[in-house]
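Participant: Here it is, the structure in full.
The values are calculated or read from the model by the stated rules, or taken from the named source; none is laboratory data. Given the structure is predicted, the values throughout are model-derived calculations rather than measurements. Here Cβ is always computed from backbone atoms with ideal geometry, including for glycine, and neighbour counts include all displayed protein chains. Only protein heavy atoms, including side chains, enter the accessible area calculation; ligands, DNA and RNA are left aside. Shrake-Rupley method; radii C 1.70, N 1.55, O 1.52, S 1.80 Å.
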Amino acid sequence: MTALWKSPGGGFVDTVLRGVGQVLLQNNPLSGAIFLVGIFLGSWTVGLYALLGTVVATGTALLAGVPGASVKQGLYGFNGTLTAIGLATYVTRGPILVGYVVFACVAVTIVAAAIYNLVNSEHVPTLTAAFVAITWVFLAGLRQFSGLSGAAALPAPRLPSESLSGGQALTPSDLLFGFFRGFSEVMLQTSVWTGVALLVGILVNSRVSATAAAAGSLIGFGVAWGFGASETTLRGGLAGYNAVLTAISLAGLYYLLSYRSAVFAAVAAALSVVVDSMFGTVLAPVGLPVLTAPFVVTTWLCLFAASSFTRLHAVHPEDATTPEVNLRSISRRWESLTPRNAGTR
């Protein structure tokens, strides 16, 4: 079994699973396998597209000659995972969609490499920026393609209006559904079981990240509820998924874990809810989904500000693994670290 796993085929499977795992910032093939099971629990069809997108994006990176270490860590697969899921969610499935997804996942790999070159000098990770950009492009393009137009399940373009449905009393079931869907919506799924699987997959790799993710989902839910978000937003987990990703990224992964970075991550998770609301308003007239843009914007802002935070210590992109490993391997060099040379993935 070990020899099989070390073979070229086994190595590619390992890379693909790590790509799925990196959707929730977990460089672990077992986590990726559990995430994939979770997606299949929500939808077999979407699960197949997620697998296809990861394979295409990973294969494109290998064929293009991207440095092997980055590819093997799944850093060129996860954008393909999300792009395929996004298109499969918003477009009626059919033979044309398969080609559209493959094309988009090749493109997202190119965009991911371009964004990496743009932000690497600032020690900032690409996150899911390539997925957001390419998915917006390919979804917006649907309205001009007769072979796919009319097949989109996108929201109709509309002028934004004030929500009048907030402030309602919530039941324990609302909190339960909102909490787990705060995880499942990362994969654009609504199944509670998908959310459970994603939380378990994170826990397999890192207890700190799992705790941060759980806190992020609760923070997103609580902030949105306090500000009067609609029941649909709360119960559907739409207020939590960007907060989940933001909390994972800043609570021990891209900043060394401390009580200061934990508080900072909680504040950033709350901010992502407001940024999410802003994107919802801005994108309503063009009928495009928010996706994980609030996570990208909020986390980038926090990481670009790293040089000003003298009591927070960032982790270089190439050193970022899990909060537990970050603490063990970097704490020995604590005094030599500065906010600028610590960086992020």
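Participant: Using a Debye calculation, one point per C-alpha and no hydration shell, please list log10 I(q)/I(0) for segment 38-127 at q = 0.11, 0.17, 0.25 Å⁻¹ in order.
Facilitator: Debye output, listed in q order: -0.31, -0.68, -1.18.
Participant: What share of all Cα pairs of the chain, in percent, falls into each consecutive 20 Å distance bin?
Facilitator: Histogramming the chain at 20 Å steps yields 32, 60, 8, 0 percent.
Participant: Just the accessible area per residue of the chain, please: how many Å² with a 1.4 Å probe?
Facilitator: 43 Å²
Participant: Enumerate the amide H contacts of Tyr255 below 5 Å, restricted to partners 5 or more residues apart or on another chain; note that Pro and chain-start residues carry no placed amide H.
Facilitator: Here the answer is Val315, since their amide H atoms fall under 5 Å of that of Tyr255.
Participant: For the chain, which whole percent of the accessible surface, found with a 1.4 angstrom probe, sits on carbon and sulfur atoms?
Facilitator: Values: 9970 of 14710 Å².
Whole-percent figure for carbon plus sulfur exposure: 68.
Participant: Of the options Leu139, Pro294, Gly9, report the single residue whose Cα projects farthest towards the positive end of the charge dipole of the chain (beta-carbon charges: Lys, Arg +1; Asp, Glu -1).
Facilitator: Gly9
Participant: Further, regarding this structure: Hey, can you grab everything whose amide H is under 5 Å from the amide H of Val91? Only 5+ residues off in sequence or another chain; H modelled, so Pro and N-termini drop out.
Facilitator: Under 5 Å from the amide H of Val91: Ala153.
Participant: Taking only the Cα atoms of segment 77-129, how large is their convex hull per residue, in Å³?
Facilitator: Dividing the Cα hull volume of segment 77-129 by its residue count gives 61 Å³.
Participant: Hey, can you rank 285-294, 19-28 by average C-beta count inside 10 Å, highest first?
Facilitator: Working: 285-294: 20.3, 19-28: 26.6.
The most tightly packed comes first, giving 19-28, 285-294.
Participant: For every helix of n ≥ 4 consecutive DSSP H residues, a contribution of -39,500 (n - 2.57) applies; sum these over the chain, divide by its total residues, and give [θ] at 222 nm rounded to the nearest 500 deg cm²/dmol.
Facilitator: Calculated from helices alone, the mean residue ellipticity at 222 nm is -20000 deg cm²/dmol.
Participant: Along its principal axes, what span do the Cα atoms of segment 188-327 show, with the longest given first and each in whole Å?
Facilitator: If we take the Cα atoms of segment 188-327, the spans are 41, 34, 26 Å.
Participant: A further question follows. Based on DSSP H assignment, which helices of the chain show an axial Cα extent of at least 24 Å together with a mean Kyte-Doolittle hydropathy greater than or equal to -1.0? Mind dumping the intermediate values first?
Facilitator: Values: long enough: 44-64 (30 Å, 1.55); 95-119 (36 Å, 2.24); 207-226 (28 Å, 1.05); 259-283 (36 Å, 1.53).
Helices meeting the criterion: 44-64, 95-119, 207-226, 259-283.
Participant: If I take R0 = 25 Å and measure r between the Cβ atoms of Leu301 and Leu176 in this structure, what FRET efficiency does the formula 1/(1 + (r/R0)^6) give, to the nearest 0.05?
Facilitator: 0.20
Participant: At 0.36 nm per residue, minus the direct Cα-Cα distance, what do Phe309 and Ile96 gain on full extension? Give it in nm, one decimal, please.
Facilitator: Net length gain for the segment: 71.8 nm.
Participant: Moving on to the next point. In debye, nearest 20: dipole of the chain around its Cα centre with unit charges on the Cβ of K, R (+) and D, E (-)?
Facilitator: Once rounded to the nearest 20, the dipole reads 400 debye.
Participant: While we're here: Quick one: length gained pulling Leu159 to Phe12 fully straight, 0.36 nm per residue minus the C-alpha distance?
Facilitator: Value of the extension gain: 48.3 nm.
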